[in-house]
1. Could you pull out the residue among ILE170, ILE109, ILE115 that is aliphatic (A, V, I, L, M), touching a residue at least 24 places away in the same chain (Cβ under 8 Å) and over 30 Å from ALA258 (Cα atoms)?
2. Determine whether segment 100-112 contains at least one residue that is of a type in the set (Gly, Ala, Ser) and either closer than 26 Å to ILE341 by Cα or touching a Lys or Arg at 6+ places or on another chain (Cβ under 9 Å) (or both).
3. Output the residues belonging to segment 183-217 that are farther than 19 Å from ASP239 by Cα, modelled with pLDDT under 95 and of a type in the set (Lys, Arg).
4. Condition first: touching a helix residue (DSSP H, G or I) at 6+ places or on another chain (Cβ under 9 Å) and over 26 Å from LYS264 (Cβ atoms). Can you find one or more residues in segment 302-320 that meet it?
5. Take the residues in segment 333-351 that are in a helix (DSSP H, G or I) and in contact with a His (Cβ under 9 Å, 6 or more places away or on another chain), then tell me which one is surrounded by the most Cβ atoms within 10 Å (Cβ to Cβ).
6. Just a yes or no: is a residue in segment 185-205 touching a helix residue (DSSP H, G or I) at 6+ places or on another chain (Cβ under 6 Å) and surrounded by fewer than 18 Cβ atoms within 10 Å (Cβ to Cβ)?
7. Among the candidates ALA172, ALA126, ALA83, ALA145, which residue alone is among the aliphatic types (A, V, I, L, M) and over 23 Å from GLY296 (Cβ atoms)?
Amino acid sequence: MLKGFVKRFSKDVGVDLGTANTIVYLKDKGIIINEPSIVALNIRNDQIIAIGEDAKKMLGKTPNHIDIIKPLTNGVISDFEVAEKMIKHFLTRVQKETLGFLSRPRIVIGVPLEITEVERKAVEDACKSAGAGEVHLIEQPLSAAVGARLPIKEALGNFVVEIGGGTTEIAAISLGGVVTWKSLKIAGLELDQNIIEYVRENFNLLLGEKTAEDIKIKCANVMPLSDKEQIEYKARGRDLLTGLPKEITLTSKQTREAIIKSVKKIIEQIKDTLEETPPELVADIHERGMVLSGGGALLGGLDKLISTETKIPVHLADDPLTTVVRGTGIVLEEFEELKDILLPPTQKDILK
């Protein structure tokens, strides 16, 4: 009886707990939080100073006693205590309109395909410690497929490429489950590092992570462009020879040179996944195309390059950044119909 009473005051929540960003969906309201998965910690007193966007603004600008921590690595929790505090912070913001002391929401949270039983348990425990009543996990490509409104429960081949910050998840889906898949640790953050390394090697200039991300978003295009189509970006950093500030101009062509090797690795994994997929499903995929989601899907020309290399139509999901979390929201709204696509709960003693 008490459980039912508490449930009335709880607001069910969908979460895309990403390496780069945490996005939160509130049932009946939609997406209400979309912030970086970053925490600023004062190591002198072990106190959280800032979380999310406020912490990201501090990147590369902190004194020695402040650590900027990214509690997720390649889509899984690498720092349990900090991740728990971050999740609790976001849940507290979500639950402001409820009776906080009674609120124990049901949470559906997207996780990578390659997650281990121990890592799944860590996610469940972090959410429950942060105040969740029920925690349900869903594989990110499945959630992306639901968010893209693909008919995943039918006997049809659906193909999803979810390119996040830390991982790229590739999956052929049919009858409510993943048939073949690949998960690789090459995604948005890796491309940022490619740009940092390229500029260091070719210009003796050290860039910050945020600058590299801006270059990728505003300048990068993986398709060869004509001289007229080139976009230029003025990048500022530290000259490695003099130690002084320096500005250079990067073009789309140079940015392509920096990232194309990693992009081609992603495309090779897409091809490998297709090769392992049953021919009947491949026939469906060839006819219906594949769906790109995640922030990495917005990389200039990526959909065209994948289509050219695989000879399969490629469709960009609506608002690719939020496809996974919208999928968790749909699962919450249609829980009884879709609960069978969720991962089973982990064993309680798995961490002992």
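1. Working: ILE170 fails: over 30 Å from ALA258 (Cα atoms); ILE115 fails: over 30 Å from ALA258 (Cα atoms).
Checking each option against the conditions leaves just ILE109.
2. First, the residues of segment 100-112 that are of a type in the set (Gly, Ala, Ser): 100, 103, 110.
Imposing the further condition that a residue be either closer than 26 Å to ILE341 by Cα or touching a Lys or Arg at 6+ places or on another chain (Cβ under 9 Å) (or both) reduces the set to 103, 110.
Yes; the residues of segment 100-112 include at least one that is of a type in the set (Gly, Ala, Ser) and either closer than 26 Å to ILE341 by Cα or touching a Lys or Arg at 6+ places or on another chain (Cβ under 9 Å) (or both).
3. Correct list: LYS185 only.
4. Residues of segment 302-320 touching a helix residue (DSSP H, G or I) at 6+ places or on another chain (Cβ under 9 Å): 302-303, 305-306, 309-320.
Cutting the leftovers down to over 26 Å from LYS264 (Cβ atoms) gives us 318-319.
So far as segment 302-320 goes, yes, one or more of its residues are touching a helix residue (DSSP H, G or I) at 6+ places or on another chain (Cβ under 9 Å) and over 26 Å from LYS264 (Cβ atoms).
5. Initially, segment 333-351 is screened for residues in a helix (DSSP H, G or I), giving 333, 335-341.
Next, only the ones that are in contact with a His (Cβ under 9 Å, 6 or more places away or on another chain) stay: 335, 339.
Details: PHE335: 15, LYS339: 12.
The extreme case among them is PHE335.
6. Within segment 185-205, the subset touching a helix residue (DSSP H, G or I) at 6+ places or on another chain (Cβ under 6 Å) is 186-188, 190-192, 194-196, 198, 205.
Now restrict to residues that are surrounded by fewer than 18 Cβ atoms within 10 Å (Cβ to Cβ): none.
Checked segment 185-205: no residue is touching a helix residue (DSSP H, G or I) at 6+ places or on another chain (Cβ under 6 Å) and surrounded by fewer than 18 Cβ atoms within 10 Å (Cβ to Cβ).
7. Details: ALA172 fails: over 23 Å from GLY296 (Cβ atoms); ALA83 fails: over 23 Å from GLY296 (Cβ atoms); ALA145 fails: over 23 Å from GLY296 (Cβ atoms).
Exactly one residue qualifies, and that residue is ALA126.
Listed here are the residues, each with its yes/no results for (1) in contact with a strand residue (DSSP E or B) (Cβ under 6 Å, 6 or more places away or on another chain); (2) outside any strand (DSSP E or B); (3) under 26 Å from GLY327 (Cα atoms).
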| position | (1), (2), (3) |
| --- | --- |
| ILE31 | yes, no, yes |
| GLY60 | no, yes, no |
| THR92 | no, yes, yes |
| GLY110 | yes, no, yes |
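The values are calculated or read from the model by the stated rules, or taken from the named source; none is laboratory data. All values reported here derive from a predicted model rather than from experimental measurement. Please note: Cβ atoms are built from the backbone with ideal geometry, for glycine as well, and neighbour counts cover all protein chains shown.
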